[in-house]
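Asker: First the structure, which I've put down as structure tokens, then a few questions once you've had a look.
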Amino acid sequence: MSDVQIALLILGLSIVFLMIIFNWIQLKKIREKQKKAETIQRQRDPLFQNSIREEDQLDNYIVHESSSSNVSIEFLRKNLPSEINLKFESVVSLTLKEPKPARILIELGVADYLTQLRLGLYLRKDEDLWATGEALDDEFLFDQILLTLPLISRKLEVNEEVKDHFLGFIEKIREQLDVNQIWLANEDMVDRANELKDFKSLVNKTILIKVQPKTDSSFHFGAFQDFFNKANIRVFKDFHWYFDPKVDGEKMFKIMNLSRQPLRIESDAFIQGIIFSLDIPTTTNSQNAFSQMIEMINEFCIKLNAVMVDGRNKEIDSSYIPTIKKFVDQIAYEMKNKDLLPGSDQAIKYFG
């Protein structure tokens, strides 16, 4: 075979080899296009919705009921009125499909339920601020209701009867209005209230210190009247209160007669003793308030020849005061540890 024939043979084989490679590349491209087309078709097919892209799921495909409810619960919890504490209240949200006037709730007897169960009622429309109390009137439009039942209220013991009464009122609203109901906290209200009994018992304390004349049968009117002319002692709702000299309008402790009724400071009054009263959970900075109260009692005892006594009229030794102060400190600590500040709107709502 000549050199020319060999060269032609090599050239022919090279051309064939190149054609094979070219065809293989083209076939691979065609297969990739077919595979991509099938993938797109599957994405559009309802049978293959699990393969929808993550970003499409977030924007367009949040349809599962439980997921939607979870989002709503977290959103509602983050936008509650500030005086609601989910640790100490049973809270339910009722959302309407369209706004209604507040007179509908009035006609359902909401006022009686609020009084009997110490319920909290909050209404709003769209994303407006929550309204309650005096902000509500017959024509106030709302599309969301919050009902709260305090579980550590001083004036209410949460039991099965209270639970049934509360649930009955919710059902009454549901029958009247087309609402979506979501429990935000403590649907098992009786169990939760039982869990909180020890805490409620610890916190629900008022310090009462009786002061009476040391030798006389009653206080001398002139000195007594002068003492209560102090700038920081003012009458509020008939009772004499000592107001914090550092914070305008903040009550610290109350002073009353031996029957725990308002003092009557008149010339013909026969005053055999008085009581200084400090309510720990509803008093801001109760530790400081206690110190202020003891300081005032000591001053009173000096000026009116008086003495501190216990319930059996036995004199209270001054060495016992630090023990009482320690008790006040403990209660304030336990409250703060539970995110319930003494004297806060929440504390006053539960124990006021």
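Asker: With farther than 30 Å from Lys78 by Cβ and aliphatic (A, V, I, L, M) as the only criterion, which of Ile233, Ile182, Ile173 stands out?
Answerer: Ile233
Asker: Give just the number: which of (1) open to solvent by 30 Å² or more (accessible area, probe 1.4 Å); (2) assigned to a loop (DSSP other than H, G, I, E, B) does Phe75 not satisfy?
Answerer: Exception for Phe75: condition (2).
Asker: Anything in the stretch 92-107 that is of a type in the set (A, V, I, L, M) and either open to solvent by less than 20 Å² (accessible area, probe 1.4 Å) or free of Cβ contacts under 8 Å to residues at least 12 places away in the same chain (or both)? List them, or say none.
Answerer: Going residue by residue through the stretch 92-107, those that are of a type in the set (A, V, I, L, M) are 92, 94, 96, 102, 104-106.
Correct list: Val92, Leu94, Leu96, Ala102, Leu105.
Asker: Something else about it: Take Asp198 and decide whether it is closer than 23 Å to Ser277 by Cβ and open to solvent by 80 Å² or more (accessible area, probe 1.4 Å).
Answerer: no
Asker: Which condition from (1) at pLDDT 95 or above; (2) over 30 Å from Lys197 (Cα atoms) is the one that Lys163 breaks?
Answerer: The failed condition is (2).
Asker: Does Asn194 meet the test of being of a type in the set (S, T, N, Q) and without any contact (Cβ under 8 Å) to a residue 60 or more places away in the chain?
Answerer: Spelling it out, Asn194 is indeed of a type in the set (S, T, N, Q) and without any contact (Cβ under 8 Å) to a residue 60 or more places away in the chain.
Asker: Arg154: touching a helix residue (DSSP H, G or I) at 6+ places or on another chain (Cβ under 7 Å) and under 18 Å from Leu86 (Cα atoms), yes or no?
Answerer: On the way: touching a helix residue (DSSP H, G or I) at 6+ places or on another chain (Cβ under 7 Å): yes; under 18 Å from Leu86 (Cα atoms): yes.
In short, yes.
Asker: For the stretch 97-140, which residues satisfy the criterion of being closer than 19 Å to Phe169 by Cβ, among the basic types (Lys, Arg) and not in a strand (DSSP E or B)?
Answerer: Arg103, Arg118, listed by residue number.
Asker: May I pose another question? List the helices (runs of 4 or more DSSP H) that sit entirely inside the stretch 141-226 and contain at least 1 residues that are within 24 Å of the chain's Cα centre (by Cα), more than 30 Å from Ile316 (Cβ to Cβ) and small (Gly, Ala, Ser). If you could, list the steps in order and put the result at the bottom.
Answerer: Values: elements: 160-176, 189-195, 197-203.
Ranges flagged: 160-176, 189-195.
Asker: Scan the stretch 318-341 residue by residue and report those that are under 28 Å from Asp226 (Cβ atoms) and without any contact (Cβ under 8 Å) to a residue 24 or more places away in the chain.
Answerer: Correct list: Ser318 only.
Asker: Restricting to the stretch 258-290, what's the tally of residues that are part of a loop (DSSP other than H, G, I, E, B), open to solvent by 30 Å² or more (accessible area, probe 1.4 Å) and not β-branched (Val, Ile, Thr)? Please lay out each step first, then the result.
Answerer: Initially, the stretch 258-290 is screened for residues part of a loop (DSSP other than H, G, I, E, B), giving 258-273, 280-285.
Adding the requirement that they be open to solvent by 30 Å² or more (accessible area, probe 1.4 Å) leaves 258-262, 264-268, 270, 272, 282, 284-285.
From what is left, the residues that are not β-branched (Val, Ile, Thr) are 258-262, 264, 266-268, 270, 272, 285.
So the count comes out to 12.
Asker: Continuing with the same structure: Determine whether the stretch 138-156 contains at least one residue that is open to solvent by 80 Å² or more (accessible area, probe 1.4 Å), free of Cβ contacts under 8 Å to residues at least 40 places away in the same chain and more than 22 Å from Phe351 (Cβ to Cβ).
Answerer: yes
Asker: Okay, moving on. When you look at Ile297, is it in a helix (DSSP H, G or I) and modelled with pLDDT of 95 or more, yes or no? Break it down stepwise before answering.
Answerer: Working: in a helix (DSSP H, G or I): yes; modelled with pLDDT of 95 or more: yes.
The answer is yes for Ile297.
Asker: Within the stretch 300-337, which residues are surrounded by 15 or more Cβ atoms within 10 Å (Cβ to Cβ) and either in contact with an Asp or Glu (Cβ under 8 Å, 6 or more places away or on another chain) or not in a helix (DSSP H, G or I) (or both)?
Answerer: Leu304, Ala306, Val307, Met308, Val309, Ile316
Asker: Listed residues Asp248, Asp238; which is more than 22 Å from Ala306 (Cβ to Cβ), among the charged types (D, E, K, R), surrounded by fewer than 18 Cβ atoms within 10 Å (Cβ to Cβ) and modelled with pLDDT of 95 or more?
Answerer: Details: Asp248 fails: modelled with pLDDT of 95 or more.
That would be Asp238, the only listed residue that is more than 22 Å from Ala306 (Cβ to Cβ), among the charged types (D, E, K, R), surrounded by fewer than 18 Cβ atoms within 10 Å (Cβ to Cβ) and modelled with pLDDT of 95 or more.
The values are calculated or read from the model by the stated rules, or taken from the named source; none is laboratory data. Predicted model, so just to flag it, every value in this text is computed and none were measured. Every residue, glycine as well, gets a Cβ built from its backbone with ideal geometry; the counts of neighbours run over all protein chains shown. For accessibility, only protein heavy atoms count, side chains too; no ligands or nucleic acids. Shrake-Rupley method; radii C 1.70, N 1.55, O 1.52, S 1.80 Å.
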